[in-house]
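See structure below.
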Amino acid sequence: MILEFGERLVPIDKEEWLQERKPAVFLANSRKARETLKMAGIVYDGEIQTGKVGFCKLETQQECLAGSFCIPKLLDVLGSRYQILFFVNQSNIVILDDTDFSIRLIRRIQIRKNHQGECKERFIYNYITEFMSRDLELLGQYEQKLLDMEEDVIQGKLTNFQNELMPIRRELLVLRSYYDEIMDMGTELEDNENYFFRKKRLKYFGTITNRADRLRGKTVHLLEYAQQVKDAYQAQIDAKQNSNMQFLTVISTIFFPLTLITGWYGMNFKDMPELENGYPWVVFLSVAVIVICILIFKKKNIF
């Protein structure tokens with residue numbers, strides 16, 4: 001697929017492009033990578049395998065810019081990612097994608113954007129911001145989940161808390177690293193080391209960096225909030241354990257003198273007081289001990 005730069009992105013025929021050689025965007029899969037790069041006039045000697053893409057990064061070479069996108073899927077952040085390679089030279093852009101993700105992005109750009117790709121800088125800006133367009137909504141969903149979990153903690157609903165919180169924290173950590181990579185890429189594009197971009201259009205890349213920075217800041221805030229919710233959960237667990245320990249301490253304190261009394265009278269010495277008729281007195285003494293202990297605990301607000 002070849003798209004001609006202009007006010008709107010318009011697909012053009014391969015033969016038509018070969019005749020006019022206008023600046024364009026080439027979209028292909030990795031099997032046609034070398035052929036497409038040659039057609040676009042891009043020289044790249046490195047390995048071309050989208051399946052090995054693991055980061056969002058940009059590499060500056062003498063003849064081109066070579067970059068990769070490793071984009072988490074919004075419905076499965078911890079699962080597989082969209083793996084894309086792209087190349088830029090003085091005139092053309094080549095995108096290598098073995099899925100239909102890039103095609104869907106470009107179609108969304110064609111529907112939503114008035115200024116779709118009148119230049120390389122605008123197209124790269126539209127492309128990157130389009131796959132980040134729903135991220136703020138995703139982060140809002142994480143925030144609502146954490147708010148609901150905090151409310152459950154306050155109400156004492158602690159069942160499955162750890163099982164719910166840990167995946168959220170892992171997903172947020174993945175997103176934080178992802179936004180760091182996009183920020184670095186935006187900065188490198190803005191540096192324009194090969195002078196492939198016009199100086200007055202570098203503002204587009206600054207906007208990409210700023211957007212990724214805001215999303216990263218939101219992610220960091222949510223990670224801190226998740227830690228606060230975890231601390232609140234741990235405080236509830238500690239309070240519950242302290243309450244249980246307090247109850248066991250009260251029971252032990254009450255039964256300790258009773259154990260002493262029963263142990264004493266269980267020895268059956270010959271001259272022990274009340275050996276023959278002491279049972280009622282022992283019962284009375286035990287009840288008195290229990291009542292006195294309870295009164296002491298109530299006075300000290302232990303109950």
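The values are calculated or read from the model by the stated rules, or taken from the named source; none is laboratory data. Since this is a predicted model, take the numbers as computed values, not measurements. Don't worry about glycine lacking a Cβ; one is built from the backbone with ideal geometry, like all the others, and counts go over all protein chains shown. Side chains included, ligands, DNA and RNA excluded: accessible areas come from the protein's heavy atoms. Shrake-Rupley method; radii C 1.70, N 1.55, O 1.52, S 1.80 Å.
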How large is the dipole of the chain about the Cα centre if only Lys and Arg carry +1 and Asp and Glu carry -1, each at its Cβ, rounded to the nearest 20 debye?
-> 540
Rounded percent of accessible protein surface that carbon and sulfur make up, the chain, 1.4 Å probe | 53
In nm, spacing of pseudo-spin labels at ARG198 and LYS298 (7 Å Cα→C-beta vector) = 8.8
Å² per residue, accessible surface of the chain at 1.4 Å = 59
Positive dipole terminus of the chain, leading residue within ILE128, PHE284, PRO72 (C-beta point charges) | ILE128
Only helices at least 27 Å long along their axis, Cα-based, and averaging -0.5 or more on Kyte-Doolittle count here, so list those DSSP H runs from the chain.
-> 135-154, 161-191, 203-265, 279-299
Taking r as the C-beta separation of VAL250 and ARG31 and R0 as 45 Å, the FRET efficiency to the nearest 0.05 is 0.05
Using alpha carbon centers only, the range 176-251 is separated from the range 1-60 by a whole-angstrom value of 34
For the range 195-247 the chymotrypsin sites (Phe, Trp or Tyr not before Pro) that pass both the DSSP coil test and the at-most-15 other-Cβ-within-10 Å test are TYR195
Longest segment of the chain lacking GluC sites (Glu not before Pro) that sit in a DSSP loop with at most 15 other Cβ atoms within 10 Å = 194-273
From the coordinates shown, Rg and Dmax of the Cα atoms in Å corresponds to which of (i) 24.3, 85; (ii) 35.1, 124; (iii) 18.9, 58 = (ii)
ALA239 paired with MET166, simple spin-label distance in nm, labels 7 Å along Cα-to-beta-carbon = 2.5
How about the range 1-69: which trypsin sites (Lys or Arg not before Pro) there are in a DSSP loop, with at most 15 other Cβ atoms within 10 Å of their Cβ?
-> ARG8, ARG21
